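Notes follow once the structure below has been shown.
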Amino acid sequence: MNTDSRIRLSVLGISYSQIQSGAYALILAQVDGPYRIPVVIGAAEAQSIALRLESIVPPRPMTHDLFVSFAHAFGVKLKEVFIYKFEDGIFSSELTFTDGDRTVVIDSRTSDAIAIAMRTHAPIYTTPEILDETGFLMETHGDDTDDTDDSEETQQSGNVRRMSGFDLPADVETEPRYENYTMEELERTLQRLIDNENYEEAARVAEILRNKKND
């Protein structure tokens, strides 16, 4: 297809999927546009993407980190990710790699493609047809916001609820209440969670810590 007609996307955030139990919704945002695309992904891929969103570096490389290190070691660069098909509820993607002399296109799960793109700062594209079929306009509902937690940027559209970073469903009471921790307690907790490789919880703590620093 004509590359000039493709739509560039960015990673907006992750939420629990209200469409599929036990899964997560990766929210992709149209660059310079109002539309969002929800992509249902698994827990492992959600964790990998959340770590990158929160700029958390695990003590040992995860699978996507290892893949990127391997590619760099052999002089291979990810040129772009292209989400080229949506069929039966599944997004299909291609990774375009180059070593300077030749270019290779490899098929990939979209969740893996996004996780790798985030680690290499490669652009992400899709087609206008996929955006038309799967995209939605983000609508803000003020009455959905919990006044006791200003860090939640709660937005909802259709079946997907999105909170900033990597958060829990709105109807689940979070224990412990990290929002009540001091900055020092949050920093110690974050380091402990990373040391224990509890990256999902670490991403939550990092989000709260960042919001406190910005207040």
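Structure summary
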quantity	calculated
Scope region 95-136; condition closer than 19 Å to TYR24 by Cβ and over 21 Å from the mean Cα position of the chain (by Cα); matching residues	none
Some residue of region 97-115 being under 25 Å from ARG6 (Cβ atoms), surrounded by fewer than 20 Cβ atoms within 10 Å (Cβ to Cβ), modelled with pLDDT under 95 and of a type in the set (Phe, Trp, Tyr)	no
Residue list for region 45-63, restricted to those being loosely packed, with under 15 Cβ neighbours inside 10 Å and part of a helix (DSSP H, G or I)	THR63
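The values are calculated or read from the model by the stated rules, or taken from the named source; none is laboratory data. This structure is a prediction, so every number in the text was calculated from the model and none was measured. Counting neighbours? That spans all protein chains shown, and the Cβs are built from the backbone with ideal geometry, glycine included.
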